[in-house]
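Worksheet: one structure, shown below.
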Amino acid sequence: MASIEQKWTAEELAGDSVSKKDLAAFLQESGSNEFLLKHKLNGKLPNVVKTTKKPHLISAYTDLFATQQFRSADEASATSIKQDKPIAAVESKPDSDKPEEIKYDK
């Protein structure tokens, strides 16, 4: 795959000419699944745009070109990568820790 050229300059990214949606869409189209998981940019585009700040998207954009972690044609799906990671054990708390319900008479 040919290397992808940077679409925007640092000045354009810092200004208002590039929206968060444009930047997030470019990262999702160009970045590998591991890169997207690392930067927490996987998921539906509207949700990513809503929850991510623009400085985080800009740093991910510069990191994408620094690390060259571009999407390949035979890319594994993001869901299979998520399943390969170990899941932290959740401790169950005993029911005795719950406070008793207090009933008041009228």
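Quick grid of which residues meet (1) in contact with a Pro (Cβ under 8 Å, 6 or more places away or on another chain); (2) modelled with pLDDT under 90; (3) assigned to a loop (DSSP other than H, G, I, E, B):
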{"position": "LEU23", "(1), (2), (3)": "no, no, no"}
{"position": "LEU37", "(1), (2), (3)": "no, no, no"}
{"position": "LEU41", "(1), (2), (3)": "no, no, yes"}
{"position": "ALA66", "(1), (2), (3)": "no, no, no"}
{"position": "GLU75", "(1), (2), (3)": "no, yes, yes"}
{"position": "ILE87", "(1), (2), (3)": "no, yes, yes"}
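Starting from the range 39-57, take each residue that is free of Cβ contacts under 8 Å to residues at least 24 places away in the same chain and within 19 Å of LEU13 (Cβ to Cβ) and list its partners that are assigned to a helix (DSSP H, G or I) and open to solvent by less than 40 Å² (accessible area, probe 1.4 Å), counting only C-beta distances under 6 angstrom and pairs at least six apart or across chains.
LEU41/LEU27; LEU41/VAL48
Looking at (1) modelled with pLDDT under 85; (2) surrounded by 11 or more Cβ atoms within 10 Å (Cβ to Cβ), which is the one condition that is false for LEU13?
Failed condition: (1).
What are the residue pairs meeting all of these: first residue in the range 8-26, first residue among the acidic types (Asp, Glu), second residue in a loop (DSSP other than H, G, I, E, B), Cβ atoms under 7 Å, and 6 or more apart or on different chains?
From residues that are among the acidic types (Asp, Glu), the pairs are GLU12/VAL18.
The values are calculated or read from the model by the stated rules, or taken from the named source; none is laboratory data. It should be emphasised that the depicted structure is a prediction, and the values quoted were computed from it without experimental measurement. No Cβ is skipped: glycine too gets one built from the backbone with ideal geometry, and neighbour counts run over all protein chains shown. Keep in mind that these areas ignore ligands, DNA and RNA; they rest on the heavy atoms of the full protein, side chains included. Shrake-Rupley method; radii C 1.70, N 1.55, O 1.52, S 1.80 Å.
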